[in-house]
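Colleague: Below is one structure. I have some questions about it.
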Amino acid sequence: MSRPRLLLIVGPTGVGKSALAMELAVGCGGEGEILSADSIQVYRGMDIGSAKPNAADRARVPHHCIDLCDPCQPFDVAQYQRHARRAVEEIHGRGRKVLVVGGSGLYLGTFLGPVTDAVVIDPKIRREVEEIFLQKGLAGLLAALDGLHHQPPTCLDRSNAHRVMRALERCLATGLEVATLRRMFQSQPGHFADCSIRTVLLDCPDHSLRPRLIRRIDAMLAAGFVEEVEALRAKGFEANSSACRAVGYREVLQFLDGTVSRANLAERIYCATVALVRRQRTWFRHQIPIDRRCQVDELPPLASFFDLLD
């Protein structure tokens, strides 16, 4: 059997990736299926704020990696990778085309290379590192990490306590330095190394994106976004920081707590979304190879994309 072929449709929030994917899935003879690479759409009930495809779209085109778990349950990139791999194999086995759609860099990264390593962390080491952080904070973590190196590691975000903790755990578990662990990790084959992958980047100028985002946020609020978050809060989704701190959900929670007014809610969500767009664009510039760049206001004919699917 031929290698699975994946078309990644990527871009910042609100530019129209899902709409393009739907058109392509239907336009290629109805043979396309969509695989979501969105870190919030995996949660059941987080529908409006994640712009999850509606029931009509999901009936028209099969969608995968959506509604995988309850929002109060933790979900990580390794779990996503397993679900995505199974979906790709099933779609390819049916002789259909795989369209991966999303803007979550961590999840998109699963298609481009390794995302997890094979280092096993003893619970005693994890507790030791947590104790260092509780007693001495980030400075204590850095001191412990630097003490295991001939020179302080530079290939690490030293301001990110979570990443420093994970690096210290791996150094303690293996006796190796961060740079060595990084080389070993990068030498691993990716989970989708046997696939042929092409990438389309969809974007638009800021003067076009602003009204698109405003319309999107207004539509979410009109569709019951606040009520959605109230229901999620009642089910305990704040126990999962990845879910409750997602853009939009965080701001609605602040509104419900009385720290953001209803008059300012849409603007707060807009500002958080713009900050997310900046981070996404930075990731796309540096972390992903792009085969074709398109402006949503100047999209070429649909047929011009079909060579990327064949």
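A quick yes/no check of all residues on (1) within 28 Å of GLY11 (Cα to Cα); (2) of a type outside the set (S, T, N, Q); (3) surrounded by 12 or more Cβ atoms within 10 Å (Cβ to Cβ):
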site	(1), (2), (3)
LYS235	no, yes, yes
GLY248	yes, yes, yes
LEU253	yes, yes, yes
TYR270	yes, yes, yes
THR273	yes, no, yes
TRP283	yes, yes, yes
HIS286	yes, yes, no
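Colleague: GLY109 passes all but one of (1) over 13 Å from the mean Cα position of the chain (by Cα); (2) touching a residue at least 24 places away in the same chain (Cβ under 8 Å); which number fails?
Modeller: Answer for GLY109: the failing condition is (1).
Colleague: Note down all Cβ pairs under 8 Å where the first residue falls in the stretch 73-92 and is farther than 14 Å from HIS191 by Cβ, the second is in a helix (DSSP H, G or I), and they're at least six residues apart or on different chains.
Modeller: From the stretch 73-92, the pairs are PRO74/SER242; PHE75/SER242.
Colleague: Which residue pairs have Cβ atoms under 8 Å apart, sit 6 or more places apart or on different chains, and have a first residue in the stretch 43-67 that is in the same structural domain as ILE91 (by TED's automatic domain parsing) and a second that is surrounded by fewer than 18 Cβ atoms within 10 Å (Cβ to Cβ) and β-branched (Val, Ile, Thr)?
Modeller: Pairs that qualify, where the first residue is in the same structural domain as ILE91 (by TED's automatic domain parsing) and the partner is surrounded by fewer than 18 Cβ atoms within 10 Å (Cβ to Cβ) and β-branched (Val, Ile, Thr), are ARG60/VAL26; VAL61/VAL26.
Colleague: Might you let me know whether the stretch 98-105 holds any residue that is part of a loop (DSSP other than H, G, I, E, B) and under 24 Å from the mean Cα position of the chain (by Cα)?
Modeller: yes
Colleague: Filter the stretch 101-159 down to the residues that are aliphatic (A, V, I, L, M) and in contact with a strand residue (DSSP E or B) (Cβ under 9 Å, 6 or more places away or on another chain) and list them by number.
Modeller: If the condition is that a residue be aliphatic (A, V, I, L, M) and in contact with a strand residue (DSSP E or B) (Cβ under 9 Å, 6 or more places away or on another chain), then VAL101, LEU108, LEU112 are the ones that fit.
Colleague: Can you work out which of the residues in the stretch 203-255 that are part of a loop (DSSP other than H, G, I, E, B) and of a type in the set (A, V, I, L, M) is farthest from the chain's Cα centre (by Cα)?
Modeller: Ranking the qualifying residues of the stretch 203-255, first place goes to ALA223.
Colleague: Of all the residues that make up the stretch 144-178, how many are modelled with pLDDT of 90 or more, on the phi < 0 side of the Ramachandran plot and of a type in the set (Gly, Ala, Ser)?
Modeller: Selection size over the stretch 144-178: 4.
Colleague: Going by the structure shown, is CYS65 more than 30 Å from TYR270 (Cα to Cα), in contact with a strand residue (DSSP E or B) (Cβ under 7 Å, 6 or more places away or on another chain) and not acidic (Asp, Glu)?
Modeller: no
The values are calculated or read from the model by the stated rules, or taken from the named source; none is laboratory data. Source: prediction; values computed, not measured. Positions of Cβ are backbone-derived with ideal geometry, glycine not excepted, and every protein chain shown enters the neighbour counts.
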